[in-house]
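As structure tokens, the structure follows; a few thoughts come after it.
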Amino acid sequence: MSTPILKVRELEVEYATPNGPAKAVGGVSFDLEQGEFLAIVGESGCGKSTLLFAIAQLLTYPAAMVGGTIGFDGVDLSALSEEELRKYRWRDISVVMQSAMNALNPTLTIGAQLADACRAHTEWSAEKIAERSHEVLTMVSIDHVHLKSYPFQLSGGMRQRAMIAMALLLNPKLVIMDEPTSALDVVAQRSLMSQIQSLRNELGFSVLFVTHDMNVVSHFSDRLAVMYAGQIVEIGKTRKVFDEPLHPYSAGLMDAFPSLVGAPRQLLGIPGNPPSLVAAQPGCHFAARCPLVMEICRVNRPELLEEDSHAVRCHLVNAVQV
Ligand SMILES: Nc1ncnc2c1ncn2[C@@H]1O[C@H](COP(=O)(O)OP(=O)(O)OP(=O)(O)O)[C@@H](O)[C@H]1O
Ligand SMILES: [Mg+2]
């Protein structure tokens with residue numbers, strides 16, 4: 001196997017709050033291979049966006065990275081200065097954030113914004129910039145006449161596509177996306193995902209993708225990471241996590257989503273709420289909600305243990321394996 005493009009190790013992020021630090025990301029480690037598509041799922045507030053911001057080194061107060069490393073192409077991004085990081089952003093790593101639709105500058109045309117990004121990060125001539133801008137818009141199925149449009153002249157879905165075009169502008173090695181298709185209807189969503197997929201096959205970039213949409217996960221991701229209360233509780237090949245989730249939280253999450261195929265079934269859901277991130281209790285974060293909780297779960301925090309490229313943080317599973 002090739003060297004991973006991204007190696008995240010024991011990443012920790014805290015938000016300063018009046019009640020003390022809230023550990024939004026509590027020791028996350030994973031690798032992302034070149035060309036791989038890793039989806040991250042987990043209920044609202046489990047730290048998905050915070051994790052992506054930390055990887056892109058875009059955290060701002062009250063959030064701060066307080067531990068771990070982010071190896072990108074052999075370099076620890078967390079050790080770089082803002083100046084050095086600028087060389088990586090757009091060119092090597094691009095980010096489409098959750099509120100991407102509103103991230104476009106309302107006072108500039110799409111063409112002007114694409115040109116600005118090119119000028120800031122390359123030495124390209126005006127002709128080359130025009131050619132590439134035309135090309136990336138076409139990639140996301142926006143007619144190039146919209147190079148002259150302002151963001152307000154585009155529909156919500158088109159603005160989201162324009163953001164993805166900007167992310168692909170400089171042929172990055174890693175594209176980080178936080179629910180980039182959430183503003184689209186199902187048909188538009190599927191077509192944009194297919195486009196991202198074929199661009200990935202053609203250009204070979206890796207994708208780190210946060211979504212609440214299990215259909216997107218099952219159709220487009222190679223691997224799936226399930227997060228709970230700031231930690232990865234299960235990570236493995238998407239098919240495997242879907243078909244045989246090992247962590248009780250993953251199993252509950254899979255049950256909570258209706259299947260597109262087969263007979264409709266009752267949504268079981270997962271009763272209860274995630275724990276406070278400020279004063280973490282000992283033991284497994286999921287213990288209070290877990291239908292299979294054991295005595296040890298309330299006392300000892302389980303490790304993320306891997307077997308056959310599938311890792312799980314659960315005493316039940318680990319006890320069976322030993
Ligand atoms: N400014 C802040 N101050 C304190 N805590 C915060 C702040 N922003 C976020 N958090 C906490 O950090 C945790 C992780 O938030 P984050 O936005 O990363 O979750 P998420 O998984 O992306 O959720 P969603 O699916 O709703 O986007 C949450 O519990 C949230 O309450
Ligand atoms: Mg989020």
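Key figures
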{"read-out": "Whichever residue in region 194-239 is within 27 Å of Leu169 (Cα to Cα) and within 16 Å of ligand 2 (Cβ to nearest atom) and, among such residues, is surrounded by the fewest Cβ atoms within 10 Å (Cβ to Cβ)", "value": "His212"}
{"read-out": "Enumerated strands (runs of 3 or more DSSP E) restricted to region 1-62, each holding at least 1 residues that are of a type in the set (Ser, Thr, Tyr)", "value": "6-15, 22-32"}
{"read-out": "Count - residues of region 163-182 that are within 14 Å of ligand 2 (Cβ to nearest atom), out of contact with any Leu (no Cβ under 6 Å at 6 or more places or on another chain) and over 21 Å from Pro106 (Cα atoms)", "value": "2"}
{"read-out": "Residue among Val75, Val66 that is closer than 20 Å to Ser276 by Cβ and among the aliphatic types (A, V, I, L, M)", "value": "Val66"}
{"read-out": "Residues of region 1-30 that turn out to be of a type in the set (A, V, I, L, M, F, W, C), within 14 Å of Ile70 (Cα to Cα) and away from ligand 1 (no atom under 16 Å from the Cβ), as a count", "value": "2"}
{"read-out": "Which listed residue, of Gly27, Gly35, Gly42, is touching a strand residue (DSSP E or B) at 6+ places or on another chain (Cβ under 7 Å) and under 22 Å from Leu203 (Cα atoms)", "value": "Gly35"}
{"read-out": "Filtered residues of region 184-236 (kept if more than 19 Å from Trp90 (Cα to Cα), more than 14 Å from ligand 1 (Cβ to nearest atom) and not in a helix (DSSP H, G or I))", "value": "Leu184, Asp185, Ser221, Asp222, Arg223, Leu224, Glu234, Ile235, Gly236"}
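No value in this document is a laboratory result; all are computed from the given coordinates. What you are looking at is a predicted structure, and each value in this text was computed from that prediction instead of being measured. Glycine also receives a Cβ, built like all others from the backbone with ideal geometry; neighbour counts cover every protein chain displayed.
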